[in-house]
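I have placed the structure first, in the form of structure tokens, so that the comments after it can refer back to it.
The values are calculated or read from the model by the stated rules, or taken from the named source; none is laboratory data. Fair warning: this is a prediction, and the values are worked out from it, not measured in the lab. Methodologically, a virtual Cβ is constructed for each residue, glycine included, from the backbone with ideal geometry; neighbour enumeration extends over all protein chains shown.
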Amino acid sequence: MSFAAGGRRIRFRLSITIASGACLCTMTAGYLSSSFSRERRLGWDTILQKRENYRVAFDGFDPAKVARYGGRKVGALLGDEGIVRNRLKIASAISNARAFLEVQKEFGSFDRYIWQFVGGKPRVNARRLRGTIPARTVESDAMSKDLRKRGFNFVGSTICYAFMQATGMVNDHAVECFRYGAALG
């Protein structure tokens, strides 16, 4: 399952929420493959090395399939040495998949819902120094609050902002960075 973001297709990814203890989907989830577990201090490299294992374990990150997982599948996931086995994160991935589907139903697409937090177009910042990039913003605070209200878990403001950056909702490349102009289109 994927959704459009600024003209690009973004893959629904559960690995983020599960592996990182954070993401939207699990928002995401390829991008919401936001992955850094505070509890277990997992680094991006660990999660990225397990990405294919997550894809297989979570049925290609198909939210409709994940939303139907029951006790037997949870048990299989907890026994899968190819992924980070954390009961709370696995349960969160399942409930986030269900919430994701509800958002799609309500808004017609997850894309329509998520882009409202930046007014429907990428927010382009003109930062001069790398140290000035915030970990969260008013927009990511609002996204986090609304996602939680809708039943998502592990969707704090910092992970929401990382998601916004990863999906192109926000361009936080420093003006001096070679990617700044390229990210503009």
When you scan region 62-116 for helices (runs of 4 or more DSSP H) that lie fully inside it, which ones turn up with 1 or more residues that are closer than 20 Å to residue 143 by Cβ?
63-67, 87-107, 110-114
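Go through region 48-63 and give me each residue that's within 12 Å of residue 94 (Cβ to Cβ) and of a type in the set (A, V, I, L, M, F, W, C).
The answer is 58, and nothing else.
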What tally of residues in region 86-97 results from selecting those that are under 16 Å from residue 59 (Cα atoms) and out of contact with any Ser or Thr (no Cβ under 8 Å at 6 or more places or on another chain)?
4
So in region 48-70, with the set limited to residues that are exposed (fewer than 15 other Cβ atoms within 10 Å of the Cβ) and acidic (Asp, Glu), which one is modelled with the lowest pLDDT?
52
Quick one: what pairs do we get from region 163-174, first residue closer than 8 Å to residue 126 by Cα, second in a loop (DSSP other than H, G, I, E, B) and at pLDDT below 90, C-beta under 6 Å, 6+ apart or different chains?
172/125; 172/133; 174/127
Just name the residue that is farthest from residue 154 (Cα to Cα) out of those in region 71-106 that are surrounded by 12 or more Cβ atoms within 10 Å (Cβ to Cβ) and among the basic types (Lys, Arg).
73
From the list 137, 167, 132, which residue is out of contact with any helix residue (DSSP H, G or I) (no Cβ under 7 Å at 6 or more places or on another chain), of a type in the set (S, T, N, Q) and buried (at least 19 other Cβ atoms within 10 Å of the Cβ)?
167
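Might you check whether a residue that is of a type in the set (S, T, N, Q), at pLDDT below 50 and more than 22 Å from residue 111 (Cβ to Cβ) occurs anywhere in region 37-47?
yes
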